Structures are given as structure tokens and as C-alpha cells.
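Working notes for the structure below.
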Amino acid sequence: RSEVMFTVEKNWQTTRPTIKERTTYMLNNELFSDVKFVVRKMHGESESKQLIPAHKFVLSIGSPVFEAMFYGELAETKDSIEMPDADYESLMEFFRFMYSDEVDLSGSNVMGVFYLAKKYIVPSLVDKCSEYLLDNLEPSNVFSILPSAEKYEEKNLVDRCWKVIDKQTELAVKSRSEERRVGKECRSRW
């Protein structure tokens with residue numbers, strides 16, 4: 001007999017009156033989980049595999065890609081799905097949005113969340129990522145943002161990147177060459 005390794009609050013549904021509160025409670029929760037995602041998680045310099053329990057139904061009502069993956073003709077039957085193109089922080093924020101319509105974007109996760117939102121066709125989250133990048137666009141990061149904006153065909157973001165480059169060329173180029181210099185130093189240490 002396998003013992004369940006998580007605790008469930010008794011009558012948890014009664015203390016969460018809205019569907020949003022109940023689905024948010026299910027985020028990263030083993031309860032009723034019918035799929036697990038395996039992602040890499042960084043711990044300083046080391047990397048480990050992390051399991052994130054999820055619910056096919058919740059993911060499928062938020063993404064046509066998950067719907068096809070779990071309920072389509074070629075439905076995925078494995079209990080765990082490897083996500084080599086995602087990291088723990090970005091996938092957790094992506095799932096937070098899928099379960100609660102909320103997302104906590106930051107400089108360290110926005111590009112990963114943006115990628116996942118595009119890959120799994122979640123346009124409302126793509127818009128939030130694009131807004132975040134627009135709000136935080138500056139000469140020091142414009143060359144990091146521009147390639148993704150072009151790849152994801154985010155015209156407004158691409159246009160704004162070029163405006164920043166046009167208006168503050170020297171600062172943008174200077175920060176780009178600084179970024180390359182530091183990157184080269186880091187690579188030469190290895």
C-alpha cells in the first residue's frame with residue numbers, strides 16, 4: 001500500500017468560496033494531480049531535477065496545446081513529462097497564471113514565462129509578459145529583449161526596442177559590449 005506524502009486540509013473547499021481560490025489551492029498540489037512535470041532547478045551553481053504536480057484539466061482549459069497533448073488523438077499517456085526547455089521558476093509562474101490568472105514576473109523569469117506562454121498559446125499571458133518587458137525596457141537590456149521580441153513577432157515590443165536603440169544608441173551599445181566582455185571573462189574561467 002503506498003502512503004500519500006502530502007497533507008490535505010480537511011474540507012479545504014469550504015474555506016475557499018470562489019473557483020479561483022479553489023484552483024489556486026491546487027497549484028503545485030499533489031491532490032487530484034494526474035501529471036507531473038520534470039524541470040531543472042538551479043541551486044546556486046548546482047542543478048537538480050524538480051517535480052511539479054499538475055492537473056491535466058486545469059492546464060487544458062487554459063491552453064489548446066495542453067488540450068491536444070492530454071485529450072487529443074495522440075494524447076500523452078506518461079505520468080511525468082520532461083521539460084528540458086523550461087526552468088523551475090518560469091514553469092511555476094506559468095502554472096500560477098494557468099491556475100489563478102495571476103503572475104509574478106521578474107527579470108529572472110519573464111523570458112522563460114514569455115517562451116512558455118507562446119509555446120502553449122496563452123495570449124493573455126503573452127500580453128502580460130510583453131507589457132512587463134515594455135515597462136522595464138532600457139538601454140542596458142534592449143539587446144537581450146530584442147531577439148525574443150522579433151522571434152515571437154511582438155511588433156509593438158520590437159518597435160519600442162528600436163526606438164530605445166535609436167534614441168540611446170551609445171548607452172545600448174556600451175552595455176552590450178560590457179555584457180559581452182563579462183560573458184567572455186566567465187567563459188574563459190571554465
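Backbone phi angles across the range 39-49, fed through the Karplus curve with coefficients 6.51, -1.76 and 1.60 (θ = phi - 60°), yield HN-Hα couplings of 10, 8, 10, 8, 10, x, 8, 9, 10, 9, 8 Hz in residue order; Gly and Pro are listed as x. Taking amide hydrogens as placed 1.01 Å from N in the peptide plane, the amide H of residue 152 sits under 5 Å from that of no residue at least 5 positions away in sequence or on another chain. Against the chain, whose longest principal axis comes from its Cα atoms, helix 155-167 is set at around 30 degrees.
Modelled spin-label separation between residue 21 and residue 155, with each label point placed 7 Å from Cα along the Cα-to-Cβ direction: 4.3 nm. Between helix 88-100 and the chain there is an angle of about 60 degrees, using the helix long axis and the longest principal axis of the Cα atoms.
In the chain, the calculated helix contribution to ellipticity at 222 nm averages -16500 deg cm²/dmol per residue, counting -39,500 (n - 2.57) for every DSSP H run with n ≥ 4. Lysine pair count for the range 1-104 (Cα-Cα distance under 15 Å; residues 8 or more apart in sequence or on different chains): 5.
Taking a straight Cα-Cα cut-off under 22 Å and skipping sequence neighbours fewer than 8 places away in the same chain, the lysines within cross-link reach of residue 155 are 118, 119, 128, 163, 167. Helix 123-135 and the long axis of the chain differ in direction by around 40°, with both axes built from C-alpha atoms.
No value in this document is a laboratory result; all are computed from the given coordinates. Everything numeric in this text was worked out from a predicted model, so none of it was measured. Here the Cβ is made from the backbone with ideal geometry for all residues, glycine too, and neighbour counts use every protein chain on show.
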